[in-house]
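Everything below concerns the one structure shown next.
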Amino acid sequence: MGVVEAEALHGAVEALAGSLQPHVATAFFVFSACTVALAALLAVVRLRPPWWCDCTVCEAYLTASWAGEFDNLCDWYAHLLRTSPAQTVHVHVLRNVLTANPVTVDHVLRARFDNYPKGAPFSAILADFLGSGIFNVDGDAWLFQRKLAAAELASPALRAFAARVVASELRCRLIPLLHSASREGNGKVLDLQDVFRRFAFDSICKISFGLDPGCLELSMPVSTLVEAFDTASTLSARRATVPMQIIWRLKRFLNVGDERKLRDAVRLVDALAAEVIRQRRKLGGAATGSDLLSRFMGSIDDDKYLRDIVVSFMLAGRDTIASALTAFFLLLSDHPEVATAIRDEVARVTGDGNRTMAATFDKLKDMHYVHAAMYESMRLFPPVQFDSKFAAGDDTLPDGTVVAKGTRVTYHAYAMGRMESVWGPDCAEFRPERWLRDGRFVPESPYRYPVFQAGVRVCIGKELALMEMKAVIVAVVRSFDIEAIARSSRRPKFAPGLTATFEGGLPVRVRRRRARASGHNPPI
């Protein structure tokens with residue numbers, strides 16, 4: 001080999017070494033960080049901090065041995081709370097006190113509301129996804145958004161606008177889609193959970209932002225941005241199940257695993273929110289819009305703040321309504337007698353089963369049995385199964401449980417719906433009649449039924465959500481029979497997420513109801 005070739009080879013080697021140096025440094029940094037993290041975790045285990053516990057509950061949580069007997073974590077928690085004399089349990093490794101005691105719920109949500117904010121730990125878990133939206137803040141930021149949203153949601157003009165949107169979505173999209181599915185015979189299987197999520201997404205985008213994503217067109221387009229929203233919701237919720245925040249924080253810092261997927265999903269959600277705001281401004285913004293975002297834009301100039309509001313409304317308006325409707329029709333499939341009772345009430349209240357949808361909307365408030373059936377369904381399957389606060393100071397709960405500052409306190413609505421002490425020996429049964437007195441709907445204390453929260457933070461979109469769900473139930477039940485396939489309300493399987501979602505969806509067959517004696521089909 002000549003001198004020139006040797007020098008060329010030496011130069012190539014040096015160039016290769018130079019190009020590899022940053023990668024070697026990065027690999028060394030990651031290895032060092034992982035080593036430090038492992039050492040820290042081992043130190044924590046050796047030191048056994050005050051909250052560490054090897055009791056049967058904590059051991060079952062850490063080893064997931066509860067899964068040998070229960071299909072869902074929420075069912076295991078419900079079992080623990082039913083067997084606790086105080087209806088309260090402490091999962092020490094999570095620093096989490098869970099309760100299904102109405103008196104304790106009243107204490108946390110009303111009597112000592114000042115001591116139980118969302119708290120910084122909760123806000124940190126959801127910060128990447130929800131930012132400074134109404135569901136993730138306390139104090140003045142929460143109060144400002146709540147006052148503004150409450151004033152707009154109470155507006156007769158906005159309620160009328162929302163009713164028109166829902167009626168249009170039913171008449172032009174949901175009912176025709178179900179009709180099309182019913183005409184394809186017994187071989188056509190539809191994922192009703194996916195259908196309701198698309199319906200609710202279209203509706204909330206129209207009501208809140210004045211935009212139509214068209215998710216429920218008969219072609220059923222797949223939206224990457226909607227999938228990103230689902231991924232962000234699921235992975236954000238998963239953070240809360242980790243015993244120590246340092247674990248997900250470290251993964252976030254290193255941008256690996258679930259945290260990398262979450263970052264990618266949030267980036268797409270940000271793009272969706274930015275496009276919503278841009279389109280709203282393009283259409284005229286606050287000057288011309290009847291939607292909620294236009295009204296918020298009249299008071300807020302910060303696009304980041306508007307983004308957080310947009311995402312919060314999407315979460316509230318799509319996921320909770322879709323969850324409630326999916327569970328309702330799963331229960332209805334197991335209880336056809338309830339569907340019959342709903343049809344009887346609709347015919348009685350409207351005076352004619354063939355009335356138009358617009359006429360039926362005007363009569364929704366008089367359908368007490370439908371209202372009772374909705375509430376009974378959400379008693380058993382609340383869209384948000386639990387909600388947590390963090391103690392700002394030391395406290396003692398009414399049942400005697402001592403709560404240290406910084407402890408997470410969770411009221412478990414899913415478990416409360418299954419407590420004999422709250423609902424009697426038939427608590428596991430789907431029985432809408434429990435909500436009726438002389439044929440009229442009578443509500444329970446929100447501290448026994450905290451599906452819409454209670455106290456100062458009670459859901460401000462409650463009436464709007466009930467209107468939308470009620471309209472869907474009436475329109476679908478009077479026109480179709482829905483049969484769930486290989487699913488039962490008696491043993492559901494949930495997927496992880498901020499709202500209750502059935503794993504694998506809700507596959508159903510849709511059958512158009514037979515014509516009435518008059519020769520007319522049920523109206524659509």
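The values are calculated or read from the model by the stated rules, or taken from the named source; none is laboratory data. Because the structure is a prediction, the values reported are computed rather than measured. Cβ coordinates were reconstructed from backbone atoms using ideal geometry, including for glycine residues, and neighbour counts include every protein chain displayed. These area figures cover heavy atoms from the full protein model, side chains too; ligands, DNA and RNA do not enter into them. Shrake-Rupley method; radii C 1.70, N 1.55, O 1.52, S 1.80 Å.
Restricting segment 124-158 to residues that are among the charged types (D, E, K, R) and surrounded by 15 or more Cβ atoms within 10 Å (Cβ to Cβ), which is nearest to G497 (Cα to Cα)? Here the answer is D128. Taken together, the residues in segment 202-230 that are assigned to a helix (DSSP H, G or I), modelled with pLDDT of 80 or more and open to solvent by 10 Å² or more (accessible area, probe 1.4 Å) amount to 4.
Among the residues of segment 395-411, which ones are in contact with a Ser or Thr (Cβ under 9 Å, 6 or more places away or on another chain) and at negative phi? It would help to see each step written out before you state the result.
Let us first name the residues in segment 395-411 that are in contact with a Ser or Thr (Cβ under 9 Å, 6 or more places away or on another chain), namely 395, 397-403, 408-411.
Selection gives D395, L397, P398, D399, T401, V402, V403, R408, V409, T410, Y411.
For segment 467-524, residues that are under 30 Å from D258 (Cβ atoms) and at pLDDT 90 or above total 13. Just so you know, in segment 447-479 the residues that are among the aromatic types (F, W, Y) and open to solvent by 20 Å² or more (accessible area, probe 1.4 Å) include one that is nearest to P102 (Cα to Cα), and it is Y447.
In segment 302-318, the count of residues that are part of a loop (DSSP other than H, G, I, E, B) and at pLDDT below 80 is zero. Looking across F253, F196, one residue alone is in a helix (DSSP H, G or I), aromatic (F, W, Y) and open to solvent by 40 Å² or more (accessible area, probe 1.4 Å). It is F253.
Could you run through segment 405-427 and say how many residues are in contact (Cβ under 8 Å) with a residue 12 or more places away in the chain and in a loop (DSSP other than H, G, I, E, B)? Walk me through how you get there before you give the answer.
Start the filter on segment 405-427 by keeping residues that are in contact (Cβ under 8 Å) with a residue 12 or more places away in the chain, which leaves 405-423.
If we keep only those that are in a loop (DSSP other than H, G, I, E, B) too, we end up with 405-407, 417-419.
So the count comes out to 6.
Do the conditions hold for Y375, that is, is it within 30 Å of E337 (Cα to Cα), touching a residue at least 12 places away in the same chain (Cβ under 8 Å) and open to solvent by 20 Å² or more (accessible area, probe 1.4 Å)? Step through it out loud before you land on a result.
Details: within 30 Å of E337 (Cα to Cα): yes; touching a residue at least 12 places away in the same chain (Cβ under 8 Å): yes; open to solvent by 20 Å² or more (accessible area, probe 1.4 Å): no.
The answer is no for Y375.
Quick check on this structure: which one of V409, V402 is surrounded by fewer than 22 Cβ atoms within 10 Å (Cβ to Cβ), over 24 Å from F502 (Cβ atoms) and touching a strand residue (DSSP E or B) at 6+ places or on another chain (Cβ under 9 Å)? Write out each step before concluding.
Details: V409 fails: surrounded by fewer than 22 Cβ atoms within 10 Å (Cβ to Cβ).
Criteria check complete, one pass: V402.
Here F502 meets each of (1) open to solvent by less than 30 Å² (accessible area, probe 1.4 Å); (2) farther than 23 Å from K389 by Cβ; (3) touching a Leu at 6+ places or on another chain (Cβ under 7 Å) with one exception, condition (3). Scanning segment 112-167 for residues that are part of a helix (DSSP H, G or I) and aromatic (F, W, Y), we see that the one that is modelled with the highest pLDDT is F113. Here is a check on your reading of the model: is P383 open to solvent by less than 30 Å² (accessible area, probe 1.4 Å) and either modelled with pLDDT under 95 or touching a helix residue (DSSP H, G or I) at 6+ places or on another chain (Cβ under 6 Å) (or both)? Yes.
For segment 66-93, give me each residue that is among the hydroxyl-bearing types (S, T, Y) and in contact (Cβ under 8 Å) with a residue 24 or more places away in the chain. Break it down stepwise before answering.
Just the residues of segment 66-93 that are among the hydroxyl-bearing types (S, T, Y), to begin with: 77, 83-84, 88.
The answer is Y77, T88.
Here are some residues: V89, V97, V105. Which one is touching a strand residue (DSSP E or B) at 6+ places or on another chain (Cβ under 6 Å), among the β-branched types (V, I, T) and open to solvent by 20 Å² or more (accessible area, probe 1.4 Å)?
On the way: V97 fails: open to solvent by 20 Å² or more (accessible area, probe 1.4 Å); V105 fails: open to solvent by 20 Å² or more (accessible area, probe 1.4 Å).
Going through V89, V97, V105 in turn, just one is touching a strand residue (DSSP E or B) at 6+ places or on another chain (Cβ under 6 Å), among the β-branched types (V, I, T) and open to solvent by 20 Å² or more (accessible area, probe 1.4 Å): V89.
For segment 281-298, the condition of being open to solvent by 20 Å² or more (accessible area, probe 1.4 Å), in a helix (DSSP H, G or I), touching a residue at least 24 places away in the same chain (Cβ under 8 Å) and out of contact with any Ser or Thr (no Cβ under 9 Å at 6 or more places or on another chain) holds for none of the residues. In segment 466-493, the residues that are in contact (Cβ under 8 Å) with a residue 12 or more places away in the chain and farther than 13 Å from A373 by Cβ reach residues that are open to solvent by 40 Å² or more (accessible area, probe 1.4 Å) and aliphatic (A, V, I, L, M) with C-beta atoms within less than 7 angstrom, at least six apart or across chains, in these pairs: S479/I524; I485/V189.
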